[in-house]
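Engineer: Got a structure for you, questions after.
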Amino acid sequence: MHNVDIDLVEMSLDVIKFAIGRISDTDPQLGFPKTAAELKSLVGETITPAGIGGEKAFELFREVLIKASIPIDHPRHLAFVPASPTRSAVLFDLVTSAASVHGAFWLEGAGCIFAENQAMEWLVSLTGMPPPAFGVFTSGGTEANLSAMVAAREYWRSVDPAKANSRGIVITSNGAHSSIKAMAKVIDADVLMIETDDRLDGELLDAAIGKMSPADRGRIFAVIATAGTTNSGIIDDLQGIAEVCSKHKLWFHVDAAYGGAAMAVRSVRPLFNGIERADSVTIDPHKWLFSPYDCGAVLYRDPALAKSAHSQEGSYLDIFSDEGYQGFNPSDYQIQLTRRVRGLPLWFSLAMHGTDRYEKAISRGIELAQIAGRMIEETEHTELVREPNLSCVLYRRKGWSPEDYRDWTFRNHKAGFALVAPTKWRNPKGVETVSRFCFINPDTTEQDIADILESMK
Ligand SMILES: Cc1ncc(COP(=O)(O)O)c(C=O)c1O
């Protein structure tokens, strides 16, 4: 095996041709999963002592494997939180891999980290957090939330060393993303979940804290608000929550993994007021900022607090803080050490297109949600469950059972037409299964929405 050989050069033409073809394809085939047994029978054993050769491996990828995977940017993929990386960001993702840069330390990645940091400055400016607020790109929202929670917990313990062995409590609401509960498990913290059918506000939070015993109150190390809930796009009352956090001296984290991009849209920015008072914020460029996977971000009001929680020590690492190599080390601000410079595709795309184009593309998602809302109300067999929030729309097909929604999702997906998944929504009568759109891809059309609603007839 050589770093460069003739086969590789020939094969790379095929690979690049495929990559260019794929990013130029605005309506790719909507793949459908096969079972592992089916895939094994189609692909066979690919890892062998002698290797099967690049041509064969790539053929299997192109003809079998990719067809059993879903292109997340399909214009009628409106389930979960889809994505829609820009062509320039995808191309630059290839460049980022080819450049082979270690992104943990300034010593190794100075130029690339500098570029990442320019993109980060723009993210910080969207929040309005004052200097020295800054952040770092992570593998996603889950890692960003975990990194922020660790920083919060360590800060809480540093203020009162008696808490060194206390189990902390984080307060959030039932609108929070599943990663909050999961990451609390990772750091062995308890979660106090405030139940609400709408946004979490300062009053609800203050009342919940008021009901806790003084001992438990002393165990709270963070409050986590959501700015754009995954299920329905609701933005918590960040202003009111900031007020309560400041009154009780609690770390205020805002999970804006999905919704945070909308801060770039001037007309909706006021919905996020209060985020500038956060101690930490999660924003995922791989959701609504058109970055390829995987790219999240965590921002800190006081990066020094994150650094004291996260920076790793070891004699083999001493050189990284030596005078001649000093600079911003991304590994100091989140849980990962070795990392790719995953903010680079975002940087390139932002630099190329400018932030105005981003504002326009993000606002199209909000506009599509408003359009879908109107179409749902005008369609005989559908109705809105609630007004659209950000780019999320919850709606019902009148008279459908949970099984009807499930079968419809399956039918549309299997036919390669659309992927729109059901979710649950709690109303005064109980928990109801409903349908949900989440718009990210600006190439989704009104006709796509009309066709999907028609398929529910
Ligand atoms: C609000 C919110 N937070 C966190 C996450 C987790 O992000 P990731 O999947 O990038 O880890 C998501 C994912 O949908 C989310 O919507």
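We did not get these values from a lab; they are worked out from the coordinates using the rules stated. Since this is a predicted model, take the numbers as computed values, not measurements. Glycine also receives a Cβ, built like all others from the backbone with ideal geometry; neighbour counts cover every protein chain displayed.
Engineer: Choose one of Phe417, Pro214, Gly54: the residue whose Cα lies farthest towards the positive end of the charge dipole of the chain (beta-carbon charges +1 Lys, Arg; -1 Asp, Glu; about the Cα centre).
Structural biologist: Of the listed residues, the answer is Pro214.
Engineer: Using the membrane-span-like helix rule (whole DSSP H runs, Cα extent along the own axis of at least 20 Å, mean Kyte-Doolittle hydropathy at least 1.0), which helices of the chain qualify? Each step should come with its number before you reach the end.
Structural biologist: Numbers: long enough: 6-24 (27 Å, 1.03); 106-127 (29 Å, 0.50); 141-159 (27 Å, -0.16); 355-378 (35 Å, -0.54).
Span-like helices here: 6-24.
Engineer: If you place +1 on the Cβ of every Lys and Arg, -1 on the Cβ of every Asp and Glu, and leave all else neutral, what size is the dipole of region 94-353 about its Cα centre, to the nearest 20 Debye?
Structural biologist: Values: 21 positive and 29 negative charges, 39 e Å.
I would put it at about 180 debye.
Engineer: Please state the relative contact order of region 94-353 as a whole percent: Cα pairs under 8 Å, 6+ residues apart? The partial results should precede the final answer.
Structural biologist: Details: 492 pairs, mean separation 79.8, N = 260.
Value for region 94-353: 31 percent.
Engineer: On to the next question. Would you grab the residues whose amide H sits under 5 Å from the one on His77? Only those 5+ places off in sequence or on another chain, please, with H modelled 1.01 Å from N.
Structural biologist: Leu419
Engineer: Return a whole-number percent for the relative contact order of the chain, with Cα pairs under 8 Å and 6 or more residues apart as the contact set. Kindly include the intermediate steps, with their values, before the conclusion.
Structural biologist: On the way: 818 pairs, mean separation 97.7, N = 457.
Across the chain, relative contact order equals 21 percent.
Engineer: So what's the gap between the Cα centers of region 191-206 and region 69-115, to the nearest angstrom?
Structural biologist: About 35 Å separates the Cα centre of region 191-206 from the one of region 69-115.
Engineer: From the residues Tyr300, Thr196, His248, which one has its Cα farthest along the dipole of region 94-353 in the positive direction, the dipole being from +1 and -1 charges on Cβ of Lys/Arg and Asp/Glu about the Cα centre?
Structural biologist: Of the options given, the answer is Thr196.
Engineer: So for Met129, Met212, fewest C-beta neighbours within 10 Å to most, what's the order? Intermediate results must be reported in sequence, preceding the final value.
Structural biologist: Values: Met129 23, Met212 15.
Ranking Met129, Met212 by Cβ neighbours within 10 Å, fewest first, gives Met212, Met129.
Engineer: Straight-line reach from Lys287: which lysines fall under 20 Å, measuring Cα to Cα and dropping same-chain residues less than 8 apart?
Structural biologist: Lys360
Engineer: If one computes the Cα centroid of region 295-314 and of region 340-374, what distance in Å separates the two points?
Structural biologist: 27 Å
Engineer: Please give the per residue volume of the convex hull enclosing the alpha carbon atoms of region 31-124, rounded to a whole number of Å³. Walk me through the numbers before you get to the answer.
Structural biologist: Working: hull volume 17.2 nm³, N = 94.
In region 31-124, the Cα convex hull volume per residue is 183 Å³.
Engineer: Can you give the charge dipole size of the chain about its Cα centre, rounded to the nearest 20 debye, using +1 on the beta carbon of Lys and Arg and -1 on the beta carbon of Asp and Glu?
Structural biologist: Values: 46 positive and 59 negative charges, 191 e Å.
The dipole of the chain has a size of about 920 debye.
Engineer: Peptides 31-43, 227-239: what's the order by average Cβ count within 10 Å, highest mean first?
Structural biologist: My ranking of the peptides, most packed first, is 227-239, 31-43.
Engineer: Which peptide among 200-208, 243-251 comes first, and what is the full order, when sorted by highest mean count of other Cβ atoms within 10 Å? Walk me through the numbers before you get to the answer.
Structural biologist: On the way: 200-208: 19.3, 243-251: 17.1.
Going by the mean number of other Cβ atoms within 10 Å, highest first, we get 200-208, 243-251.
Engineer: While we're here: For Ile194, enumerate residues with amide H under 5 Å from its amide H, sequence gap 5+ or separate chain, H modeled in the peptide plane.
Structural biologist: Close amide H contacts, sequence-distant or interchain: Thr172, Ser173, Asn174.
Engineer: One-quarter of the Cα convex hull surface for the chain, in nm²? The partial results should precede the final answer.
Structural biologist: Numbers: hull surface 100.0 nm².
The Cα convex hull of the chain, projected and averaged over all directions, gives 25.0 nm².
Engineer: To continue, here is another question. Work out the length of the dipole vector of region 263-307 about its Cα centre, built from +1 on the beta-carbon of each Lys and Arg and -1 on the beta-carbon of each Asp and Glu, and round it to the nearest 20 debye.
Structural biologist: Working: 6 positive and 5 negative charges, 35 e Å.
I would put it at about 160 debye.
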